Amino acid sequence: MVNVIGLGYIGLPTALMLASHGVEVVGTDCNRELVEELKEGKASFDEEGIDELLEKAIQMGIVFQSEYQKADVYIISVPTPYDKFSKKVNPKYVVSAVTDVLNVAEKGAILVIESTVSPGTIEKYIRPVIENANYVIGDDIHLVHAPERIIPGNMVYELLNNNRTIGADDKEIGTKIKDIYSTFCQGEIVVTDIKTAEMSKVVENTYRAVNIAFANELAKICRHDNMDVYEIIDICNMHPRVNILQPGPGVGGHCISVDPWFLVGDYPSLAKVIDESMKTNDGMPDFILNRIYEIMRENKMTDISKVGLYGLTYKENVDDMRESPSLQLLESQKRHLANGLKAYDPFVKKDVIDNQYHDLDGFLSDVELVVIMVKHDEIKNNMNLLKNKIILDCHNICNIPGTYHI
Ligand code: SAJ
């Protein structure tokens, strides 16, 4: 039996996928409310295909609990935040999950950490917890790291089709875990050691962060000298060995805006390009705020309450607001004691900020300048609604003449 610990963005789809492919699964989360909702068949976040997957998993017998179980395999998928000051990974949730697992685990159990951690974290923080509880690693308890790679918005498809990495002390144990993931994963699964798996995961997200930072820097250079960054990137990407990502209003989510900092925290004198890239990305919401002020001046606007942000989530067509550029921009505006920006997001049903709207028409009728922070399908498919507005398009999705860009 597999006990999946942590039923969030990664743990839940993983547990459901295993269960719907015939593996006996208990999903455990300390949030009792969440557990009750899952038992009733309600997924805690919107994601293409998740409701159907939950229904299938329930039919196949998945169980949701708040308690840790006796199991052959534990898959730990809890958050790994970073310390804003030191930039290092904060492993407190993983450590506490491992400690709780050890209270119930029996000899021979395999402990799989799915949470993203910086290279060496398992060595430094997890092994001592197990050893201090008087277990012999490799005999009483086996350790594995199996980082995920799925992208919010396409999780179900990617869980089925992405290649995966499994890091284990012992190849045989790694292969056992590979067999479990192979019940649903049709991609190639590489088995390596734990530190290589830890580093590979962080490097993948760092690669993307650095590439986005490069695009953001190009956008700033092009703005300075009145060049079209989008056309330039399109032309460059026609070269067979160039693939530049897109500039945007900032980088959000709990992966690309977080994981690369682990390397800066652990290797401050070596990770220079990464450090600068992260600062570039983190500076984008402020850059957009300055663009807003510039555009207001150009259009003789003086009232900030006539400016509206379209989109509060960290990217298109998801309901996740973690590290969202819009929230960072609003925070920055508050620091300048200039409250008043309006905002709307079709995916955010609860009130999370002041001046938030829950209907697009009401929002649009109250603002003159619309800042497209997130390229949700809703706005892409209804561009005509912006015809009489001043528009700052941070994603190059609007072809209305006179539209401003980053
Ligand atoms: N973004 C840009 N320009 C781009 C692409 C993205 O500014 O060209 C911004 C997005 O708007 C968003 C942020 O970057 O704010 C991150 O979005 P994303 O779609 O690039 O990635 P995430 O954070 O949703 O998921 C990433 C993925 N990693 C990689 O593509 C290397 C995913 O595969 C990982 O599983 C996930 O992180 C994770 O959990 O680590």
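The numbers here are math on the coordinates, done by the rules we state, and not lab data. Every value quoted in this text rests on a predicted model; they were computed, and no experiment measured them. With ideal geometry, Cβ positions are generated from the backbone for all residues, glycine too; neighbour counts draw on all protein chains shown.
Couple of notes before you dig in:
- Axial C-alpha extent at least 20 Å, average Kyte-Doolittle at least -1.0 - helices from the chain (DSSP): 194-224, 284-298
- For the range 274-360, averaging the sequence separation of C-alpha pairs within contact (under 8 Å, six or more residues apart) and dividing by the residue count gives a relative contact order of 27 percent.
- One Cα centroid belongs to the range 1-30, the other to the range 92-138; the line between them spans 18 Å.
- Relative contact order, percent, the range 215-288 [alpha-carbon distance under 8 Å, six or more residues apart]: 32 percent
- As a proxy for reagent exposure, ranking 224, 395 by other Cβ atoms within 10 Å from fewest up yields 224, 395.
- By the beta-carbon count within 10 Å of each Cβ, the least crowded to most crowded order of 122, 353, fewest first, is 353, 122.
- The range 77-116: chymotrypsin sites (Phe, Trp or Tyr not before Pro) in DSSP loop, at most 14 other beta carbons within 10 Å: 85
- Antiparallel content of DSSP bridges confined to the chain, in %, to 5: 5 percent
- Put a plus charge on the Cβ of each Lys and Arg, a minus charge on the Cβ of each Asp and Glu, and nothing anywhere else: the dipole of the chain about its Cα centre is then about 980 debye.
- Residue list for the range 281-325, given a label point 7 angstrom along the Cα-to-Cβ vector of residue 224 and an amide N cut-off under 20 Å: 281-295
- Inverse mean reciprocal Cα-Cα distance (Kirkwood Rh) of the range 291-406, Å: 14.1 Å
- Sum of -39500 (n - 2.57) over DSSP H runs of 4+, divided by residues of the chain (222 nm, nearest 500): -12000 deg cm²/dmol
- For the chain, the Cα-based Rg and Dmax, in that order, read 23.0, 72 Å.
- Candidates per trypsin sites (Lys or Arg not before Pro) in the range 275-312, loop by DSSP, up to 10 other Cβ within 10 Å: 300
- Here the contact order of the chain, divided by its residue count and restricted to Cα pairs under 8 Å and six or more residues apart, works out to 11 percent.
- Separation between Cα centres of the range 330-406 and the range 238-315, rounded to whole Å: 17 Å
- Under the combined filter of DSSP loop state and at most 10 neighbouring Cβ atoms within 10 Å, the range 207-268 retains these trypsin sites (Lys or Arg not before Pro): 241.
- Global form of the range 1-116, assessed from the alpha-carbon gyration tensor, a/c cut-off 1.5: oblate
- Cβ crowding within 10 Å ranks 202, 190 as 190, 202, fewest other Cβ atoms first.
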